[in-house]
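Just below is one structure, and these are the notes that go with it.
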Amino acid sequence: MAAQWKTIADHIPLRKFTSVFPESTWSYRSVAATESVTEDQHHSHKSILHRFHAALSSRIIWKCLLVLTLVLILFDLSNRFAQEDPPSHIEAGELDWSQFAYCQYVTNEDYLRNSVMIFESLHRLGSQASRVMMYPHDWNVDASTHRGQLLTKARDEYSVELQPIEVQRAAGDPTWAESFTKLLAFNQTQYKRVLSLDSDATALQSMDELFLLPPAPVAMPRAYWLENESTLSSQVVLVEPSVLQMDRLIDALKHRKNSDYDMELINNLYGKDCIIIPHRRYDLLTGEFRSKDHRSYLGSSEELWDPEYHYSEAKYLHFSDWPLPKPWRHADAKQKEDIAPACENRVDDSKDCRNREKWFYVYDEFHDRRQVSNMETYDLASVTIGQRVCNNHP
């Protein structure tokens with residue numbers, strides 16, 4: 001039998017089998033050689049495991065893993081608490097809007113007229129939040145006085161809730177002595193959130209989306225026009241009314257400096273902890289159309305100022321053109337001309353008067369609405385927008 005197998009092996013050499021089973025999948029080894037390889041592999045695997053365990057026990061490796069874990073945790077937290085812009089669109093019926101309110105305070109008849117104009121704009125623009133006006137408790141709400149007529153108009157035509165209050169006064173500049181009254185917005189605890197707006201301004205669009213900002217006792221825009229970039233503007237203040245916050249304000253009022261008014265008070269209490277509302281869109285000054293440097297408003301030196309575009313995106317425009325009086329106070333044509341924006345020369349020698357046109361437009365639009373609402377106390381200036389823009393370029 002052995003001789004027969006030898007004969008077969010002589011006629012069918014092993015190389016013939018390798019053509020059927022390629023070397024990559026089949027090779028000839030003796031049993032002893034196979035056992036030797038298996039033992040080598042076993043020792044190799046043990047060596048690798050030993051080195052792996054040694055590496056894991058190394059202090060350096062554990063320190064690296066700890067640092068990496070901390071970095072990942074911090075990255076996750078930064079994503080959770082990063083400030084987000086307010087939602088740009090809100091579907092009707094998604095929220096109980098009775099929990100939110102725009103709030104105005106009035107201490108004299110001029111500001112009463114301005115406040116009614118603000119509420120008229122919010123009503124016309126389709127704002128869904130409630131509206132509250134705080135007014136001196138000794139005013140009569142009836143048709144016997146002009147003030148009573150305006151209060152009734154706000155209540156009946158623009159769904160404004162009228163709240164009589166004690167005007168908060170303080171010693172000092174009479175211009176600001178009554179501005180502490182706005183702090184009573186913190187006492188409107190029947191609402192989840194209240195948006196306090198100064199009335200020497202124009203509401204250009206609804207600002208309902210601000211009520212949906214992340215929870216915080218206070219949210220305010222930066223006073224971008226000031227040298228101290230960390231100062232916050234009290235022209236627009238979103239508050240979460242509470243007894244605690246009202247008590248804090250009362251205590252701060254008792255211990256304030258004579259030079260501190262509502263803006264300083266709120267900055268001292270909340271300047272480091274509040275949510276920042278973007279000043280773009282929500283706190284544009286009319287003086288920006290007169291400025292030569294728009295970096296503070298735009299937030300960069302790369303973006304170009306476009307008066308038409310940046311006006312169209314704004315939602316709240318505050319009148320601030322010192323020494324020009326506020327728009328409800330009389331200013332003659334020369335006063336306005338002296339402070340109005342100048343037309344600029346283009347490369348082709350033509351005039352760029354867009355800032356000038358927009359600046360006059362916002363003042364005239366304010367006057368027109370005041371007159372249409374039968375709330376004007378003085379005549380409109382006789383010079384039209386076109387005449388102001390085209391005549392006597394500064």
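Some observations on this one:
- Flag if Arg113 is assigned by TED's automatic domain parsing to the domain that holds Met246 and either modelled with pLDDT under 90 or assigned to a helix (DSSP H, G or I) (or both): yes
- Sole residue being surrounded by 14 or more Cβ atoms within 10 Å (Cβ to Cβ), in contact with a Phe, Trp or Tyr (Cβ under 7 Å, 6 or more places away or on another chain) and either modelled with pLDDT of 95 or more or among the charged types (D, E, K, R) (or both), chosen from Leu317, Leu324, Leu298: Leu298
- Residue under evaluation Val194, criteria (1) of a type in the set (A, V, I, L, M); (2) surrounded by fewer than 22 Cβ atoms within 10 Å (Cβ to Cβ); (3) modelled with pLDDT of 95 or more, criterion not met: (2)
- Of note, Ser312 does not satisfy the criterion of being among the hydroxyl-bearing types (Ser, Thr, Tyr), farther than 28 Å from Arg370 by Cα and free of Cβ contacts under 8 Å to residues at least 60 places away in the same chain.
- Applying a threshold of 7 Å to beta carbon distances and a minimum spacing of six or more residues, or different chains, the list of pairs starting in region 94-118 at a residue that is closer than 17 Å to Gln235 by Cα and ending at one that is in a strand (DSSP E or B) and among the polar types (S, T, N, Q) reads Ala101/Ser130; Cys103/Ser196; Ser115/Gln104; Ile118/Gln104.
- Residue satisfying all of: in region 334-363; among the basic types (Lys, Arg) and surrounded by 16 or more Cβ atoms within 10 Å (Cβ to Cβ); nearest to Ser312 (Cα to Cα) among these: Lys358
- Test for Arg280: is it among the basic types (Lys, Arg) and surrounded by fewer than 18 Cβ atoms within 10 Å (Cβ to Cβ): yes
- Residue within region 346-354 that is of a type in the set (S, T, N, Q) and either at pLDDT below 90 or within 35 Å of the chain's Cα centre (by Cα) (or both) present: no
- Cβ-Cβ under 7 Å pairs, at least 6 apart or on other chains, region 268-279 side more than 11 Å from Ser230 (Cα to Cα), far side modelled with pLDDT of 90 or more and of a type in the set (Lys, Arg): Leu269/Arg248; His279/Arg222
The values are calculated or read from the model by the stated rules, or taken from the named source; none is laboratory data. Just so it is clear, the model here is predicted, and its values are computed rather than measured. Every residue, glycine as well, gets a Cβ built from its backbone with ideal geometry; the counts of neighbours run over all protein chains shown.
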